[in-house]
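Everything on this sheet refers to the single structure shown next.
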Amino acid sequence: MSAEASLQESFQMAGKEFGYSAVKAEYTPFKEFKIKWQRSAGWAEFQVSDYLMDADKEVIQGLAHSLFVRITKGRRDPYPETMKDWMTSSDFVRQKQPVYVRRSRNLTRSPMGRNRNLLDSVSRLERQGMVEKDEEMFISWTKERNLRRVGYCSVLMKVIAISSVFDDPEVPEYVLDYVVYHEMLHLKNGLDPDSPKHGPEFRAQEREFPRWQEAEAWLRKIALDW
Ligand SMILES: [Zn+2]
């Protein structure tokens with residue numbers, strides 16, 4: 001059975017349990033992982049991130065069930081553990097990261113900039129004991145000189161993007177390192193939808209960076225929303 005047919009079958013079966021007779025589900029190549037749906041009485045349609053295409057049938061069945069709980073009972077049923085296990089596995093990152101990078105059109109897809117190599121930042125942070133090596137991490141410059149989102153991390157895909165505004169000798173190296181450190185902290189903390197992204201714990205970790213105050217002052221000058 002094809003992945004599409006299997007998806008459709010799993011969602012139809014789960015739908016039946018909840019009184020939905022017309023159910024459609026299809027894989028969609030969203031850039032970010034997401035699931036969208038529309039529904040009315042007895043009818044529901046789902047667009048499921050195609051990053052789940054290779055997931056076991058059990059994962060898809062669990063997902064379908066949790067989504068029907070969500071739409072019928074209005075409560076946020078947690079995604080099944082089997083799905084979390086699959087999505088945080090090395091196999092998942094190895095298979096899906098290249099797809100994600102291909103879909104990220106604002107990435108140069110390289111850590112080598114005109115003036116700076118992001119891997120040098122990572123090495124400096126490692127040497128200082130600020131971060132640990134993560135072989136699965138992919139780090140790249142952005143093509144555009146983003147001023148609003150100066151750094152970005154997909155924890156799921158283990159991809160970090162750094163604005164090319166820092167690929168500039170005028171910006172001190174430690175400011176770049178601080179931004180890289182910030183994004184690598186997100187990676188280290190992992191997927192945790194229940195705790196705020198930039199909560200007090202995160203801020204405390206950030207302040208372990210030796211020159212965080214100076215770096216912050218710089219960022220307030222360069223970045224629009226810092
Ligand atoms: Zn952040």
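Are there trypsin sites (Lys or Arg not before Pro) in region 128-226 that DSSP marks as loop and that have at most 11 other Cβ atoms within 10 Å, and which are they? Answer by residue number: K133, R148, K197, R207.
Working out 0.36 nm times the residue gap between R109 and D77, then minus their Cα-Cα distance, what length gain in nm do you get to one decimal?
Values: separation 32, 0.36 × 32 = 11.52 nm, distance 3.61 nm.
Result: 7.9 nm gained on full extension.
Note on region 95-222: dipole from Cβ charges, positive end direction compared against L191, G129, Y152; the farthest Cα belongs to Y152. Placing R0 at 30 angstrom, the Cβ-Cβ distance between Q128 and S195 gives a FRET efficiency of 0.70 after rounding to 0.05. Looking at region 3-87 alone, DSSP beta bridges between its own residues are antiparallel in about 45 percent of cases.
Would you work out the charge dipole size for region 3-87 about its Cα centre, treating the Cβ of every Lys and Arg as +1 and the Cβ of every Asp and Glu as -1, and quote it to the nearest 20 debye? Display every interim value, and only then the final one.
Working: 12 positive and 13 negative charges, 109 e Å.
Value, rounded to 20: 520 debye.
Bridgeable lysines around K24 (alpha carbons under 16 Å apart, same-chain partners fewer than 8 residues away excluded): K16, K36. In this Cβ point-charge picture (+1 for Lys and Arg, -1 for Asp and Glu), the chain has a dipole of about 740 debye about its Cα centre.
How would you classify region 47-86 from its alpha-carbon gyration tensor, with a ≥ b ≥ c the square roots of the eigenvalues: rounded for a/c under 1.5, else prolate if a/b is greater than b/c, otherwise oblate? Provide the component values of the computation, followed by the final result.
Details: a/c = 2.34, a/b = 1.71, b/c = 1.37.
Taking the square roots of the gyration eigenvalues as a ≥ b ≥ c, region 47-86 is prolate.
Whole-Hz Karplus values for region 168-175 come out as 8, x, 6, 8, x, 4, 5, 5 Hz, taken residue by residue from phi with 6.51 cos²θ - 1.76 cosθ + 1.60 and θ = phi - 60°; glycine and proline positions read x. Across the chain, the mean sequence separation of Cα contacts (distance under 8 Å, 6 or more residues apart), normalised by length, yields a relative contact order of 13 percent. When its C-alpha radius of gyration is set against 2.2 N^0.38 Å (N residues), the chain gives a value of 1.19.
For region 1-104, which trypsin sites (Lys or Arg not before Pro) pass both filters: DSSP loop (anything but H, G, I, E, B) and at most 15 other C-beta atoms within 10 Å?
Filter output for region 1-104: K31, K34, R75, R76.
Net charge dipole, region 95-222: roughly 620 debye, given to the nearest 20, about the Cα centre with Cβ charges of +1 for Lys and Arg and -1 for Asp and Glu.
Over region 1-92, calculate the relative contact order: mean separation of alpha carbon pairs under 8 Å at least 6 apart, over the residue count, as a percent. Mind showing how you got there, number by number?
Details: 121 pairs, mean separation 22.3, N = 92.
That works out to 24 percent.
The distance from the alpha carbon centre of region 189-206 to that of region 1-76 is 30 Å, rounded to a whole number. Among rounded, prolate and oblate, which fits region 95-222 when a ≥ b ≥ c are the square roots of the eigenvalues of its C-alpha gyration tensor, a/c under 1.5 means rounded, and a/b larger than b/c means prolate? Rounded, because the longest to shortest axis ratio a/c is under 1.5.
Taken along the Cα-to-beta-carbon direction at a fixed 7 Å, the label points for R102 and S21 span 4.1 nm.
For the charge dipole of region 95-222, defined by +1 on Lys and Arg C-beta atoms and -1 on Asp and Glu C-beta atoms about the Cα centroid, which residue among S164, Y181, P210 has the Cα displaced farthest towards the positive pole? Checking the options against the dipole of region 95-222, the answer is S164. For region 66-214, lysine pairs with C-alpha atoms less than 26 angstrom apart, excluding pairs fewer than eight positions apart on the same chain, total 21. Out of the DSSP beta bridges found with both residues in the chain, what percent are antiparallel (nearest 5)? Expressed as a percentage, antiparallel bridges in the chain total about 50. Computed on region 95-222, with alpha-carbon pairs under 8 angstrom and 6+ residues apart, the relative contact order is 23 percent. Net length available on complete extension from K31 to E206 is 60.2 nm, with 0.36 nm assigned per residue and the Cα-Cα distance removed.
Coordinate-derived values only; no laboratory data. Just so it is clear, the structure is predicted and the values come from calculations on it, not from any experiment. In this analysis, Cβ positions are derived from the backbone assuming ideal geometry, glycine residues included, and neighbour counts consider all displayed protein chains.
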